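The values are calculated or read from the model by the stated rules, or taken from the named source; none is laboratory data. Treat the numbers as computed from the prediction; the structure is a model and nothing was measured. Positions of Cβ are backbone-derived with ideal geometry, glycine not excepted, and every protein chain shown enters the neighbour counts.
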Amino acid sequence: MWCKHNWVRIAVTYAPPTDGKVEGVNLAVFEKFYKGVTTILWECSLCKEIRKEEMLGKQVEGGSNETE
Ligand SMILES: [Zn+2]
């Protein structure tokens, strides 16, 4: 059955940039290390499907620790 999906954000994690040297990776991977990655987990409240979304940088909104 077709599900229209009603995505609900269930988790947000932020992996800060690494301070180590990153070599031998392509640009996309390098950017993840350099800028950090925010991973958001969405769950459909209707069919319970899980969707993962990755974004470069710190994309955590509404937080109390916006220091940058
Ligand atoms: Zn769904």
Flagged in the range 1-45 as hydroxyl-bearing (Ser, Thr, Tyr) and without any contact (Cβ under 8 Å) to a residue 40 or more places away in the chain, in numbering order, are THR13, THR18, TYR34, THR38, THR39, SER45
Only one of (1) within 16 Å of the ligand (Cβ to nearest atom); (2) exposed (fewer than 14 other Cβ atoms within 10 Å of the Cβ); (3) assigned to a strand (DSSP E or B) does not apply to THR13, and that is (1)
Within the range 16-42, restricting to residues that are outside any loop (DSSP other than H, G, I, E, B) and modelled with pLDDT of 90 or more, the one that is farthest from GLY57 (Cα to Cα) is TRP42
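Filter the range 16-38 for residues that are among the hydrophobic types (A, V, I, L, M, F, W, C), surrounded by fewer than 13 Cβ atoms within 10 Å (Cβ to Cβ) and more than 18 Å from LYS52 (Cα to Cα) and give the result.
Step one: list which residues in the range 16-38 are among the hydrophobic types (A, V, I, L, M, F, W, C), which gives 22, 25, 27-30, 33, 37.
If we keep only those that are surrounded by fewer than 13 Cβ atoms within 10 Å (Cβ to Cβ) as well, we get 25, 27-29.
Once the filter is applied, which keeps residues that are among the hydrophobic types (A, V, I, L, M, F, W, C), surrounded by fewer than 13 Cβ atoms within 10 Å (Cβ to Cβ) and more than 18 Å from LYS52 (Cα to Cα), the range 16-38 yields VAL25, LEU27.
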